[in-house]
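Taken together, the values in this text are just the output of simple stated rules run on the coordinates, not laboratory data. Computed from a predicted model, the values in this text were never measured in an experiment. FYI the Cβ positions are ideal-geometry reconstructions off the backbone, even for glycines, and counts take in every protein chain you see.
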Amino acid sequence: MKKNFAAVLAAILAAGALAACGSSSAPNATTQAATTGAQETTAAESSAAAKETTAAESTAAASETKTAGSSIEPLKEPVNIKIGASPSPHAEILEAAKEQLAAAGVNIDIVEYNDYVQPNLAVDQGEIDANYFQHQPYLDDFNKENNTHVTSVGAIHYEPFGIYAGKSKDLSNIADGAQIAVPNDTTNEARALLLLEANGIIKLKDGAGLTATKQDIVENPHKVDILEVEAAQIPRSVDSVDFACMNGNYAIEAGFKPSDAIAQESKDSEAAKTYANIIAVADSNKDAEWAKKLVEVLKSDEVKKFINDTYDGGVVPVD
């Protein structure tokens, strides 16, 4: 009996060993059913696990997106727009806001311009949908002179206008006959002259204000020579004049830092309140939902943080 039992046990163990190693022969119905049941259970468990993982990932992604600023309600239908901008800081700010804008339903194609004329003409003629490079007084003056129909939909930031040293370094001891470069467009020339007046270099006639030109200078004790230069060219002229009055964006493009300026507009000045840089569109688009959304994103906390972290006071967000 013991021998017979041992033989049977050995046979059972041998059969088990063959099943564990996997026989090349087809499994019997019982084995196949068991295997199929195991596979179905595994597949079901894998599917459930996959769904749980996907759900968890989606929740995490949604959370991250919300953190990144997607709390702004997106447009019902996404739109694609072309927006013109000066290379710095305007195009840089738009580039930084690109993903957030896309999440809000506004996909932007940035077109860079190096002058103050073409961006408004392009908007007026429908070549681009919006622009971001100018302040309101400049736009008002441009529309009047060129019979264009471009309007602001929101102010985004302010760039302190500065006086930068050229051949001379000390504005308080300015030499007689010193040459000072100022922008040649009406609004920015007035801004430069007001800054020179604030620093005691000249005196303007009463009421000249934001429309001042060099003809409005009533006192010039040092007989400084005011040179009217196209705004974009002033950074290239610094070394050939004693001092240069520059727009913030052109100073940044040329590699100047806000700390390089020997004088700047104060943040509570009339100029600071007046010369905020705006998003401008054709009159026909002033009430467009995409235009409102564009401004909403560019005034968001995320974009303000980018501006403050990047430009060291040379660009200041508008509240």
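Treating r as the C-beta distance of Ser284 and Val218 and R0 as 35 Å, the FRET efficiency rounds to 0.20. Each peptide in 121-131, 302-312 was scored by the mean count of other Cβ atoms within 10 Å over its residues; highest first, the order is 121-131, 302-312.
Highest mean first, the peptides 132-142, 219-229 sorted by other C-beta atoms within 10 Å per residue fall in the order 132-142, 219-229.
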